Amino acid sequence: MNKDNILVVGGGIGGLTVSIALRRKGFSVTLIEREPEWPATGVGIIQQFNVLRVMADMDILDDYLANSYGFDETHCFNSQGESIFSFSSPRLAGEELPSNVGVSRISLQNILANKATELGTDIRLGTVLDHWQEKTDGIDAVFSDGSRDSFLLMIGADGIFSSTRRAIFPHAPEPHYTGQWVWRYNMPRPEEIKGIHLFYGRVNGGLTPLSSGLMYLFMLSEEPEDFRLDQRQACAMLHRRSRDAAPQIQQLMKFVHDDLEVVAKPLQVIFIEGPWHKGRVVLLGDAVHASTPHLAQGAGMAIEDAIVLADELSGSGDLEEVFSRYRQRRFERCRFVNINSRAIGDMQMGTRNDVDPGEINRQCLTLMAEPI
Ligand SMILES: Cc1cc2nc3c(=O)[nH]c(=O)nc-3n(C[C@H](O)[C@H](O)[C@H](O)COP(=O)(O)OP(=O)(O)OC[C@H]3O[C@@H](n4cnc5c(N)ncnc54)[C@H](O)[C@@H]3O)c2cc1C
């Protein structure tokens, strides 16, 4: 594969990671992100040892660990707040590294964006494609600022509502609402929250440490398809949904007082069963497989996609072979996360009673421990 310029559409977790991985392999990379600035607010996510492994390979592990909270422990409680069980996840990225981390999205975005910039990625914020045309030897692109460029290929890393996916697969299924919303709020971390605390029952939720002083609370709720969030009423809405939560959650609701700080999102999923590329355009991350957060692996799958795609692009064969090998290496792993995260949500909503979340988590750990 020659090292001509590659266009990455979308500067989220997947788009930035693929830019870093491609630059490290010597490709020229242009990344366009529609937002004019990197996000300055947001809550956190949980990542696991498979992401730590990639961070180490990309040479950003120290920065990542310095800006996150590592933990091994998971503590589970019933709706009365009684402990049901606790376990310690294995340190599968190495004994010296935690099994999981809680990290704020802003920190993660900054670490990835800084590394991509340092490696020489041409990052254009506030830019989208106006139109593009595929030719036999490349892609001609015209951007929203009127500038033009030619590229060897294009990577659609533009998230669950990917316009790249819609352009190349106009008949592909659209994202599907699962029936749950997730509500999240940053708050001070009490000393005793040293790992993830999960609460099961009529209200499912949890607490995740993000730093020595910060954690986030998350809570799931069932909402009708036409439910709309009124951000000015967000605290009141979250307080109402916490009424049947475990006492530990209810006690923390006193910190939920700023409507603008409530981050609430409907859970939506998509999985493209057919090809993940067409011609010179290939998809990664949520653009091709968005999952619910129940296994905390959505961003992990986008990150792994990025590494595998860069790896295959630096290998042999024409684009058709390269993209097919990429999908083959990623398909089962991403499908497992997609199907099983959703199954846990269905169980929480009572629409399935054949789901064992403990067994799913065990299988997930085993799968994620395998090389990508
Ligand atoms: C509520 C919730 C909680 C989650 N929690 C976790 C968790 O704990 N752990 C975990 O691993 N995963 C979690 N996930 C999943 C994770 O957030 C996603 O899987 C991950 O962000 C996917 O990365 P991505 O780069 O594919 O897409 P995104 O992060 O969505 O990035 C897409 C980027 O493309 C940009 N863009 C869109 N359209 C265009 C365009 N036309 N031109 C240019 N730019 C464009 C967007 O602005 C965005 O910056 C969670 C998801 C949700 C919804």
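The values are calculated or read from the model by the stated rules, or taken from the named source; none is laboratory data. Just so it is clear, the structure is predicted and the values come from calculations on it, not from any experiment. FYI the Cβ positions are ideal-geometry reconstructions off the backbone, even for glycines, and counts take in every protein chain you see. These accessible areas exclude ligands, DNA and RNA; they are computed on the full protein's heavy atoms, side chains included. Shrake-Rupley method; radii C 1.70, N 1.55, O 1.52, S 1.80 Å.
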*Distance in nm between label sites at R240 and E320, each 7 Å beyond Cα in the beta-carbon direction?*
5.6 nm
*asked:* Could you report the accessible area of I193 in Å², rounded to 10, computed with a 1.4 Å probe on the protein chains as they sit in the structure?
replied: 10 Å²
*Would you mind working out the magnitude of the charge dipole of the stretch 1-110 relative to its Cα centre, with +1 at each Lys and Arg C-beta and -1 at each Asp and Glu C-beta, to the nearest 20 Debye?*
440 debye
*How long is the gain from E37 to S150 if the chain were fully straight, where each residue apart is worth 0.36 nm and the alpha carbon distance is subtracted?*
38.2 nm
*When all alpha-carbon pairs of the stretch 85-151 are counted, what percent fall beyond 19 Å?*
63 percent
_Long-range amide H partners of I123 with built H, under 5 Å_ = L31
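Run the dipole for the stretch 238-372 about the Cα centre, Lys and Arg Cβ at +1, Asp and Glu Cβ at -1, nothing else charged, and hand back the magnitude in debye, nearest 20.
Details: 16 positive and 19 negative charges, 75 e Å.
Here the size comes out at about 360 debye.
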*Within the stretch 15-106, report the GluC sites (Glu not before Pro) that DSSP leaves as loop and that have at most 10 other Cβ atoms within 10 Å.*
E37, E82, E95, E96
*When only C-alpha pairs under 8 Å and at least 6 residues apart count, what is the relative contact order of the stretch 1-62, in percent?*
32 percent
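If you take the beta carbon distance between I84 and K135 as r and set R0 to 51 Å, what does 1/(1 + (r/R0)^6) give as a FRET efficiency, to the nearest 0.05?
On the way: r = 60 Å, r/R0 = 1.17.
Once the sixth-power term is evaluated, E becomes 0.30.
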*Quote the relative contact order of the chain in percent (integer), defining contacts as alpha-carbon pairs under 8 Å separated by 6+ residues.*
20 percent
*Interchain or long-range residues, amide H under 5 Å from D130's placed H*: V142, F143, S144
*From the residues N78, I106, P173, which one has its Cα farthest along the dipole of the chain in the positive direction, the dipole being from +1 and -1 charges on Cβ of Lys/Arg and Asp/Glu about the Cα centre?*
N78
*So who's got an amide H within less than 5 Å of the one on I372, skipping anything under 5 residues away but keeping other chains? H placed 1.01 Å off N, in plane.*
none
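When DSSP beta bridges are limited to those with both residues in the chain, what percentage is antiparallel, rounded to the nearest 5? Kindly include the intermediate steps, with their values, before the conclusion.
On the way: 50 of 69 bridges.
Among the beta bridges of the chain, antiparallel pairing accounts for roughly 70 percent.
Quote the charge dipole size of the chain about the Cα centre in Debye, to the nearest 20; the model charges only the Cβ of Lys and Arg (+1) and of Asp and Glu (-1). Walk me through the numbers before you get to the answer.
Details: 36 positive and 49 negative charges, 69 e Å.
Dipole about the Cα centre, nearest 20: 340 debye.
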*Of the options N5, F151, P266, report the single residue whose Cα projects farthest towards the positive end of the charge dipole of the chain (beta-carbon charges: Lys, Arg +1; Asp, Glu -1).*
P266
_Apply the Karplus curve 6.51 cos²θ - 1.76 cosθ + 1.60, θ = phi - 60°, to the phi angles in the stretch 255-266 and return the couplings in whole Hz, x for Gly and Pro._
7, 8, 9, 10, 3, 6, 8, 7, 10, 10, 9, x
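If you take the C-alpha gyration tensor of the stretch 1-157, multiply each eigenvalue by 5 and take the square root, what semi-axes do you get, largest first, in whole Å?
Numbers: eigenvalues 275, 61, 35 Å².
So the equivalent ellipsoid measures 37, 17, 13 Å along its semi-axes.
Return one quarter of the surface area of the convex hull spanned by the alpha-carbon atoms of the chain, equal to its mean projected area, in nm². Could you put the intermediate results ahead of the total?
Numbers: hull surface 72.1 nm².
Spelled out: convex hull of the Cα atoms, projected over all directions, averaged, 18.0 nm².
At 0.36 nm per residue, minus the direct Cα-Cα distance, what do K25 and E273 gain on full extension? Give it in nm, one decimal, please.
Values: separation 248, 0.36 × 248 = 89.28 nm, distance 2.91 nm.
Between K25 and E273, full extension yields an extra 86.4 nm.
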